[in-house]
Amino acid sequence: MRIHCPHCGTRDHTEFSYGGDATVTRPPLEDGDIDRWHAAVFLRPNPKGIHREYWHHALGCRSWLIVERDTLTHRISATRLAGSDEGAGS
Amino acid sequence: MKRYSGISVLREALRGNAGWTRAWRDPDPKPHYDVIVVGSGHGLATAYYLAKEHGIRNVAVLEKGWLGGGNIGRNTTIIRSNYMIDGNTRFYELSLKLWEGLSHDLNFNAMVSHRGIINLAHNQAQVNALVRRGNIMRLNGIDAEIIDREEVRRRAPVLDFSSEARFPIVGGLWQGRAGTVRHDAVAWGFARAASALGVDIVQNCEVVGFLKDDAGRIVGVETTRGPIRAGKVALAVAGHSGHLAAKAGLTLPIETHILQAFVSEPLKPLLDCVVTYGAGHFYISQTDKGGMLFGGDLDGFNSYGQRGALSVAEDVATMGKALMPSLSRVRIVRQWAGVMDMSMDGSPIICKGPLDGLYLNCGWCYGGFKATPASGYTFAWTIARDEPHEVSARFTLDRFRRGEAIDEKGAGPTPGLH
C-alpha cells in the first residue's frame with residue numbers, strides 16, 4: 001500500500017504510522033457526559049468500505065494526514081493534511 | 001450419524017471405503033428456527049452445546065461462505081490458558097479442559113496435541129513477569145512451570161543458544177497442557193456432532209439484514225437465501241462483527257484488523273512444542289504434516305482484506321530468523337490472513353443484547369481459536385438461559401462504559417496494540 005503525502009509525494013505505507021478513525025471527535029474536557037466520552041474513547045463504526053483515518057508520516061515530514069481508504073480493497077481515494085480543508089488529490 | 005471407531009475404520013478398509021456417508025446434512029433453510037447462530041466457527045460450537053446441554057435443537061447455523069472458511073480455518077492452531085487477569089483465567093482454563101475431552105465428546109478426532117508451550121524470557125525483568133504470571137496461573141489451578149535456559153534448550157534445541165544470539169534466552173514459562181489442535185477438524189467435528197443432534201448448517205447463506213417487529217425486537221434475519229425468522233438471533237462472526245452489528249443499528253467497541261500466518265515446506269521433526277518469542281511478537285510450532293507454522297503482529301490498520309502486506313511478512317521472518325537461525329534456509333509455501341475483531345481491551349464480548357432478541361459473541365482479537373469450545377459452551381448458556389455463565393460473566397458489552405475493562409496487556413483502548 002502507498003500513501004500520497006502532500007509534502008513528500010507517494011511513499012510506502014511503512015513510512016507512516018496509523019492513527020485510527022478520523023471521524024471520532026473528542027468531547028471538550030469540561031463535558032461530563034459519560035455517553036459522549038464512552039463513544040469517543042471506545043465505539044468505532046468500523047466500516048467495511050470507505051474509512052476516514054489518520055496516518056502520521058513518522059519517517060518523513062512528520063505531518064498528520066487524513067486518508068480516505070477502502071478497508072476491503074485498500075484503495076485510497078483522497079488524502080489531505082489533518083487540520084486543513086485543502087484537498088491534495090489522490 | 002454413524003459412530004466412528006477403530007472397528008468402523010477396519011470394516012471400511014476391508015470394503016474399499018465405500019460405506020462412509022456424508023458427515024453432516026446440507027439442508028435448505030427452514031422459514032423459522034428457535035435460534036439462529038450466524039457464523040460457523042464459534043457458532044458451530046454454540047449450536048452444538050445448545051443442542052447437547054440445553055436441548056434446543058431447532059437451530060440453524062448460517063455461514064456466508066463454506067464451512068471452515070473463516071477464522072476457524074485461518075489460525076495458527078494453538079491452545080493454551082496462560083492468562084492472568086480475572087475474567088480471562090477461568091474462562092480459558094474451561095476452554096482447555098473442554099479441549100481435553102473434545103475428540104471423545106464429538107466422536108471426531110480433532111487431533112488435540114498437548115505438546116506444551118514455552119513463553120521465552122530474554123532478560124531478568126521478563127523472568128520476573130513470567131514468574132508472576134505463572135504464580136497467578138497456579139493459584140487459579142492452571143499448570144505452569146518456570147524453566148531455566150538449560151531446560152528450554154532441552155525442550156527446544158533448535159532455538160538460538162549461541163553466543164551470537166541478539167536476544168539470549170534466559171528462561172521461560174512452560175505450560176505442558178497447552179498445545180495445538182487440527183483446526184479444520186474442529187469445524188468438521190462440531191458440524192458433524194451438531195448436525196446429528198438436529199442443527200441445520202446452512203452454507204453460502206450470507207446475512208444481509210435483520211428483521212425487527214414493531215417493538216424493535218430482532219425476530220429474524222434477511223439472507224441471500226431469503227428471510228429466516230427466529231426466536232433468538234446470535235452473532236458469532238469474528239472480524240465481521242462490526243459490519244453485521246451496523247446492519248442492526250449497533251456500534252461496537254471493535255476495530256477489524258488483519259493478522260497474517262505463514263507455513264513452510266514440510267520438514268522432518270524439528271520443534272515438538274509451541275514457542276513464543278519474548279523479544280518480539282512471534283510464535284511458532286510445527287504441524288503434524290511437518291510445516292513450520294508461525295505468525296506475528298497485526299498489519300496495523302483497519303482492514304477487511306483477507307490478505308496481508310509484505311512488510312509484515314518480512315518483519316515476521318526477521319524475528320523468526322533471530323529466534324531460530326535455521327529458519328533462514330526454509331521456504332515459506334503458504335501465507336494467509338484472517339480478519340480479527342480487535343476489541344478495545346483485548347478481551348472478548350459474550351452477552352445478551354443490547355437489542356431485544358439479539359446475542360453477541362465477538363471481540364476475540366487474535367485469540368479466538370483456543371477459546372472455541374468455552375466460547376460455544378458459555379454463549380449457548382447465555383442464549384438458552386438469558387443470563388451469563390459465571391465463567392464468561394465479565395465479558396459484557398457495557399464494561400467499557402463502567403470502567404471494568406479486562407486489559408491483559410495493559411495497552412489501553414487502541415485495538416491494534418492488543
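Bear in mind these aren't lab numbers, they're just calculated from the coordinates by the rules spelled out. Fair warning: this is a prediction, and the values are worked out from it, not measured in the lab. Neighbour counts are summed over all protein chains in view; Cβ atoms, including those assigned to glycine, are modelled from backbone coordinates with ideal geometry.
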Next on the checklist: If packing is taken as the average count of other Cβ atoms within 10 Å, what order do B:64-72, B:380-388, B:235-243 fall into, highest mean first?
Outcome noted: B:235-243, B:64-72, B:380-388
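With a 10 Å radius around each residue's Cβ, average the other Cβ atoms per peptide and rank B:147-154, B:11-18, B:56-63, highest first.
Output ranking for B:147-154, B:11-18, B:56-63: B:56-63, B:147-154, B:11-18.
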Checklist entry - Where in the stretch A:9-74 are there trypsin sites (Lys or Arg not before Pro) that are in a DSSP coil and have at most 15 other Cβ atoms within 10 angstrom of their Cβ? => result A:Arg62
Item to check | Shielding score for B:291-304, defined as the mean number of other chain Cβ atoms within 10 Å | outcome: 4
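How high is the relative contact order of the stretch B:1-160, in percent, with contacts defined as C-alpha pairs under 8 Å that are six or more residues apart?
Across the stretch B:1-160, relative contact order equals 15 percent.
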Checklist outcome for this item: In Å, the Kirkwood estimate of hydrodynamic radius for the stretch B:90-237 over Cα pairs equals 19.5
Item to check | Ranking of B:Leu139, B:Leu120, B:Leu327 by count of other Cβ atoms within 10 Å, fewest first | outcome: B:Leu139, B:Leu327, B:Leu120
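Across the residues of A:35-45, average count of Cβ atoms on other protein chains within 10 Å?
Details: counts 1, 0, 1, 6, 3, 1, 6, 13, 9, 12, 6.
Rounded to a whole number, the mean comes out at 5.
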Checklist entry - Summing Lys, Arg as +1 and Asp, Glu as -1, what charge do residues with Cβ under 12 Å from the Cβ of A:Cys61 carry, A:Cys61 excluded? => result +1
Item to check | Net charge contributed by nearby residues that have their C-beta within less than 11 Å of B:Arg385 (K/R +1, D/E -1) | outcome: -2
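Does the stretch B:60-146 come out rounded, prolate or oblate by the C-alpha gyration tensor, with a ≥ b ≥ c the root eigenvalues, rounded set by a/c under 1.5 and, if not, prolate when a/b is larger than b/c and oblate if not? Before the final figure, lay out the partial values.
Details: a/c = 2.28, a/b = 1.95, b/c = 1.17.
Verdict is prolate for the stretch B:60-146.
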Item to check | the protein assembly as shown, Rg to Rh (Cα coordinates; Rh as Kirkwood inverse mean 1/r) | outcome: 0.97
Checklist entry - What number, in percent, do you get for the relative contact order of the stretch B:198-339 if the mean sequence gap of Cα pairs under 8 Å and at least 6 apart is divided by its residue count? => result 22
Item to check | Amide H contacts of B:Val219 (H built 1.01 Å from N, under 5 Å, at least 5 apart or other chain) | outcome: B:Leu211, B:Lys212, B:Asp213
Checklist entry - Quick one: Karplus J couplings for the stretch B:407-418, per residue in order, coefficients 6.51, -1.76, 1.60, θ = phi - 60°, nearest Hz, x for Gly and Pro? => result 9, 4, 8, x, 8, x, x, 10, x, x, 9, 7
Checklist entry - Running Debye on chain B with equal point scatterers at the Cα sites and no solvent, what base-10 log of I(q)/I(0) appears at q = 0.13, 0.14 Å⁻¹? => result -1.14, -1.30
Checklist entry - Sorted by packing (mean other beta-carbon atoms within 10 Å per residue), highest first, where do B:362-375, B:34-47 land? => result B:34-47, B:362-375
Next on the checklist: What does the net charge come to around B:Val158 if you take all other residues with beta carbon closer than 13 Å to its beta carbon, with K and R at +1 and D and E at -1?
Outcome noted: +4
Checklist entry - In whole Hz, what ³J(HN,Hα) sequence does the stretch B:73-81 give by Karplus (6.51, -1.76, 1.60; θ = phi - 60°), x for Gly and Pro? => result x, 10, 10, 9, 6, 8, 10, 6, 9
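Assuming a ≥ b ≥ c are the square roots of the Cα gyration tensor eigenvalues, decide whether the stretch B:1-119 counts as rounded (a/c under 1.5), prolate (otherwise, with a/b larger than b/c) or oblate.
Details: a/c = 1.96, a/b = 1.18, b/c = 1.65.
Here the stretch B:1-119 falls in the oblate category.
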Checklist outcome for this item: Quick calc, A:Arg75 & B:His104: beta-carbon distance into FRET formula, R0 45 Å, rounding 0.05, result 0.35
Next on the checklist: Nearest 10 degrees is fine. How inclined is helix B:310-323 to the longest principal axis of chain B, computing both from alpha carbons?
Outcome noted: 50
Checklist outcome for this item: Scalar couplings 3J(HN,Hα) for the stretch B:387-396 by Karplus 6.51 cos²θ - 1.76 cosθ + 1.60 (θ = phi - 60°), nearest whole Hz, x for Gly and Pro, are 8, x, 6, 4, 6, 10, 5, 7, 7, 8
